[in-house]
Amino acid sequence: MDPSSHKLYHLHECEPTERFNAYYSGTTEKYITDETVRFPIEQLYKVAGQGQITGDYLIDISSGCNIHHLLPMFEFFKDITILEFGDLGVKELVKWKHRESESYDWTHALSIMEELQGSSFKGNEMENASRRNISHILKCDFTKENITDPVVLPKADCMLSLFVFHLVCEDLDEYCRNLKKVSCLLKLGGHLLLFGLFNAKYYTIGGSKYHLLTSD
């Protein structure tokens, strides 16, 4: 298939549950969730625990209806805004925040946090704090200079992105343009934490191929 015919995450919104089940759920194959769930949690736990990231306000712009990568950060950031590109994704994130019965189950991600924290782990408190500390869930759009227009966000102490730049940028020039827009949301001296994918060309959901920016 010609790569130009691949769908784009932010333009061709897929059914969120298909994506969750394929790459992030507790029933997804372990070799996949080791990269998509375990690796981000472990790395962010390490960085946050070493005191390298400080502040109160974090903006997360990641792919899908994911909150697992935020679990290590809730203790350190009391105000979190989540940005998402699709209406369906925003809807699913709101369902999780409000504990609706059909929201996604992140028990497997909490189990990883329990491994890391040992006897100090308090699962119920972590989930309660995580929902409480998310103050806004907003739709964003990289075609706009202010990606959350008409909402103007305060500048953040930290900005976190899990994989999303590789999903929405068709080439390196676009990657750099979008990275510049995002960096404008940071305070001077703030931290930008990026997770990416090496040497990947596409991913599949429901039989459709979706674009990934190939980089090394």
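The values are calculated or read from the model by the stated rules, or taken from the named source; none is laboratory data. Please read these numbers as outputs of a predicted model, since none were measured by experiment. Backbone-built Cβ (ideal geometry, glycine too); neighbour counts: all protein chains shown. In case anyone asks, the SASA skips ligands and DNA or RNA and just uses the protein heavy atoms, side chains included. Shrake-Rupley method; radii C 1.70, N 1.55, O 1.52, S 1.80 Å.
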- Query: Out of residues 5 or more away from LEU186 or on other chains, whose amide H comes under 5 Å of its own, with H placed 1.01 Å from N in the peptide plane?
  - Reply: ALA156
- Can you work out the accessible area per residue across segment 119-199, with the rest of the protein chains kept in place, probe 1.4 Å, in square angstrom? 56 Å²
- Note on the structure: The whole-number value in µm²/s of the Stokes-Einstein translational diffusion coefficient for the chain, with Rh from the Kirkwood sum over alpha carbon pairs at 10 °C and 1.306 mPa s, is 90 µm²/s
- Message: Nearest 5 percent is fine: what portion of the DSSP beta bridges confined to segment 100-216 is antiparallel?
- Response: 40 percent
- In terms of solvent-accessible area of protein heavy atoms at a 1.4 angstrom probe, what is the ranking of MET113, MET126, highest value first? MET126, MET113
- Among TYR175, TYR202, LEU160, the residue whose Cα sits farthest towards the positive end of the charge dipole of the chain (+1 at Cβ of Lys and Arg, -1 at Cβ of Asp and Glu, taken about the Cα centre) is LEU160
- Item | In sequence order, calculated HN-Hα J values of segment 171-183 (Karplus, 6.51, -1.76, 1.60; Hz; x Gly/Pro) | 8, 5, 4, 5, 4, 5, 4, 5, 5, 5, 4, 5, 5
- Message: Give me a comma-separated list of calculated 3J(HN,Hα) values for segment 117-130, in order, Karplus coefficients 6.51, -1.76, 1.60 applied at θ = phi - 60°, integers in Hz, x for any Gly or Pro.
- Response: 8, x, 5, 7, 5, 9, x, 5, 5, 5, 5, 4, 5, 5
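Beyond 23 Å between alpha-carbons counts as too far, so tell me which of LYS144/LYS180; LYS30/LYS139; LYS46/LYS144; LYS30/LYS201 fall in that bin.
LYS30/LYS139; LYS46/LYS144
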- Query: Rounded to the nearest 5, what % of the DSSP beta bridges within the chain are antiparallel ones?
  - Reply: 15 percent
- Task: Can you send over the carbon and sulfur percentage of the accessible area for the chain, probe radius 1.4 Å, protein chains only?
- Result: 51 percent
- Placed amide H near LEU193: partners under 5 Å, 5+ positions off or other chain: MET159, LEU160, SER161
- Message: If the elastic network links every pair of Cα atoms under 10 Å, which of ILE32, ILE147, ILE41 fluctuates the most in the Gaussian network model of the chain?
- Response: ILE32
- Averaged per residue, what accessible surface does segment 1-97 expose to a 1.4 Å probe, in Å²? 44 Å²
- What are the residues whose amide H is under 5 Å from the amide H of LYS78, where those residues sit 5 or more places off or on another chain and H is modelled from the backbone? none
